[in-house]
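Have a look at the structure below before the remarks.
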Amino acid sequence: LKFDPAWASFNQALNIYASLDNREGMINALLALGRIRRLTEDIDSAEELYSHARSLAVYSEDTKAMRSVLNHQADLALRQGNPEKAMELLTDRENELTGGRERSAQLRLRGSARAALGFGDEAVVLLVESAEVALAADEKAAAAQAYYKLASLSSLGARFDEAEDWAIKALEADKSLEYAPGIAADLRALAIISAKAGKTEAAEDYYRRSWLAWRALGRSDDADEARSELEHLSGMQVTVP
């Protein structure tokens, strides 16, 4: 239900763009509708919407439109546990873009796919390049996503100081944009990394801040999870201020 207003808004936009035969507008609206269906775990509908967008993008004069569609399809494949399919989507028409948000996203998704396939070192190179491309285009949100994934990979490899550095970069980028959901997620990532590194006091602080941030956003499930982790770590019940 919480996504109903967004669905109605993007569906209305799709109808307006369709009535004006605005190809790029229709593609963007279809991708937005697909993201909503993905968030509600309606994968079949998301795939169908992305497929419609791809059919329109084939005849688009803007190559970034096709790259955006392929990035969305690759992201969906990764979330379905299919990095091989994601890589197929992420190498198509690769050389037609030289920079920008979509190129950064492509590199980040390729890094995620290579990591899932067991090529960690190659994944790091791709993710670092993703962040660099994003910053060159002043796309701080895209850079934050790359930093977040780098932090995750470093943490999985028990390189906790390195993971903390990447997560702090992600937090700084999201704070500069005042992107609250990203800030809350970054704080939780820092809490997990700190806990793994044995930095209990820092972990408690990050968990508390993440809990309060999620709570302020009305994300009760995420808030409850952060609160539960804080209580487990501190051994004390956390009361709502």
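Throughout, read-outs are computed from the coordinates displayed, never taken from laboratory work. What you are looking at is a predicted structure, and each value in this text was computed from that prediction instead of being measured. A quick note on method: Cβ atoms are made from the backbone with ideal geometry, for glycine too, and the neighbour counts reach across all protein chains shown.
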Extension gain, Ala216 back to Asp121 (0.36 nm per residue minus Cα-Cα distance, nm): 30.4 nm
Among [x] 35; [y] 40; [z] 49, the entry derived from the coordinates for percent of Cα pairs over 29 Å apart: [x]
FRET efficiency estimate (nearest 0.05) - Cβ-Cβ, Asp165 to Asn11, R0 41 angstrom: 0.45
Kirkwood Rh, Cα atoms: Rg over Rh of the stretch 1-56: 0.97
Folded to 0 to 90 degrees: helix 220-234 orientation relative to the chain principal axis, Cα: 30 degrees
Phi to ³J(HN,Hα) by Karplus 6.51 cos²θ - 1.76 cosθ + 1.60 over the stretch 7-18, Hz, x for Gly, Pro: 4, 4, 5, 6, 5, 5, 4, 4, 5, 5, 5, 5
Backbone HN-Hα couplings from phi across the stretch 104-114 [Karplus 6.51/-1.76/1.60, Hz, Gly and Pro as x]: 4, 5, 4, 5, 5, 5, 5, x, 5, 5, 5
Low-density loop cleavage sites - GluC sites (Glu not before Pro) in the stretch 137-216, where at most 11 other Cβ are within 10 Å (DSSP): Glu178
Val58-Met236 FRET efficiency (beta carbon distance; Förster radius 51 Å; 0.05 resolution): 0.30
Sites Glu201 and Asp44 - FRET efficiency at Förster radius 41 Å, r taken between beta-carbons, to 0.05: 0.35
Cα-based reach from Lys196 at 30 Å (exclusive), listing lysines while leaving out same-chain residues under 8 positions away: Lys140, Lys149, Lys169, Lys175
Spin-label model distance (nm) - Lys85 vs Ala18, 7 Å beyond Cα toward Cβ: 2.5 nm
Among 60-68, 181-189, the order from most to least packed when residues are scored by Cβ within 10 Å on average: 181-189, 60-68
Using alpha-carbon coordinates, inclination of helix 200-216 to the longest axis of the chain, degrees: 50 degrees
Crossing angle, helix 160-177 versus the chain [Cα axis fit, 0-90 degrees, rounded to tens]: 60 degrees
